[in-house]
Amino acid sequence: MSTTFRAPGRVNLMGEHTDYSGGLVLPIAIQLGISLTAEPRERILLVSRGRRVDLAADGTGKAHGWGRYVAAVAQELADAGREPVGIEGRVEADLPQGAGLGSSGALEVLVALALCAVARFELEPLELALACQRAERRAVGVPSGILDQAASLLGRAGSALLLDCGSLEHRWVPLPADVAILVLDSGQRHAHEGSGYADRRRELEAGDPGRVRHVETENERVRETVAAFERGDVAALGSIFAASHASLRDDYEVSTPTLDALVAAALEAGAFAARMTGGGFGGSIVALAQPAGAADVFARTGAKGWIVRAADGAIPRRTDSTRDRA
Ligand code: GLA
């Protein structure tokens, strides 16, 4: 019996660089994700686009590239008490890497769910998200927050997840059906490993006034965004998104000229709200448009990207492998 797991990527609608100081975030899980069809084995044997990972069931062994995330997740789960049962399977993704859509968080969630299932080990979703967050740091040394992993696990179709990253209290905010959510890829690849991400966190913790101002105003913008959705006033989102982008550019200094230009181009092409999304230093912007105008935003900016939907978070689906092969 093999089982298929799928973990989605995420787009954060508001609340950037607020998670690791216990602030508010408002992500959606999206229809793009990573999947893994796996069976229990003695070791962890995974393959993705010809690249193999071969580790002991507790995650020990030599790991390179994406295997570092797999190893770190298995090690975190071993620390949490998971029995060392391995898996063999194939990882497939329609979620791009380095586009700022939470691909490493999705990979961690995916592997964690598969490893928990084969060992019949259960953690509450947010406990699992925290283990994956620790795995990110263990794997590549990036001191990221819980945003990506929580969104990938707890996302809900048609809604955004409002999460207080300090208390972990959360609720879902229904999104209007008549707004298209666009992700425009700047083409500037990013990896938080080696970017200014860790510097920004250190500067914030040292009390840098610009960084602190960004976090305080950004938390307020999450509240304003939720209020605008709840009173059906999407027109109010244009200025909130603009203020968020300016704050990320000027106070937090994580935008790039390429991202700034793409935000301006999207607004000129008919989007009514746009800002960079994710960690910055490249990656994507998120824009809101009338559904009828969405194709135009891509055509007129010439940017590649996706119209994304708020999708459900990671859900295991059982498949019968014999029937699969027939
Ligand atoms: C990356 C990190 C998240 C979060 C965002 C910025 O995506 O993985 O934890 O800090 O950047 O909001």
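The values are calculated or read from the model by the stated rules, or taken from the named source; none is laboratory data. Predicted model only: the values in this text are computed from it and were never measured. When we count neighbours, we look across all protein chains shown, and the Cβ atoms used for this are built from the backbone with ideal geometry, even at glycine. Keep in mind that these areas ignore ligands, DNA and RNA; they rest on the heavy atoms of the full protein, side chains included. Shrake-Rupley method; radii C 1.70, N 1.55, O 1.52, S 1.80 Å.
Just to verify a number: FRET efficiency for Thr258 and Arg213, C-beta to C-beta distance, R0 = 30 Å, to 0.05?
Taking R0 as 30 Å, the efficiency between Thr258 and Arg213 is 0.80.
Would you tally the net charge around Ile28, using a Cβ to Cβ cut-off of less than 10 Å, leaving Ile28 out, and scoring K and R as +1, D and E as -1?
The answer is +3.
Cα gyration tensor of the range 186-321, axes a ≥ b ≥ c as square roots of the eigenvalues: rounded (a/c below 1.5), prolate (a/b > b/c) or oblate?
Cα axes put the range 186-321 in the rounded bin.
In square nanometres, what is one fourth of the surface area of the convex hull spanned by the alpha carbons of the chain?
Its average projected convex-hull area is 16.2 nm².
How charged is the neighbourhood of Tyr197? Take every other residue with its Cβ under 15 Å from the Cβ of Tyr197, and add Lys/Arg as +1 and Asp/Glu as -1.
Net local charge, Tyr197 excluded: -4.
Rounded to whole Å, give me the distance from the Cα center of the range 243-290 to that of the range 209-242.
Value for the Cα centre distance between the two parts: 14 Å.
Note the full-extension length gain between Arg231 and Ala299 as 0.36 nm times their separation in residues minus their Cα-Cα distance, in nm to one decimal.
21.3 nm
With a 1.4 Å probe and every protein chain left in place, tell me how much accessible area Glu88 has, in Å² to the nearest 10.
80
If I model a spin label at Ala80 and Leu126 as a point 7 Å from the Cα along the Cα→Cβ vector, what separation in nanometres do I get?
For Ala80 paired with Leu126, the spin-label model returns 1.4 nm.
So with the 1.4 Å probe, I'd like the accessible area per residue for the chain, rounded to whole Å².
42
State, to one decimal in nm, how far the label point of Arg49 lies from the label point of Arg90, with both points 7 Å from Cα in the Cβ direction.
My value for the distance between the label points is 1.6 nm.
Under a point-charge model restricted to the Cβ atoms of Lys and Arg (+1) and Asp and Glu (-1), what is the dipole moment magnitude of the chain relative to its Cα centre, in debye to the nearest 20?
960
To the nearest 20 debye, what is the magnitude of the charge dipole of the range 74-129 about its Cα centre, counting +1 on the Cβ of each Lys and Arg and -1 on the Cβ of each Asp and Glu?
120
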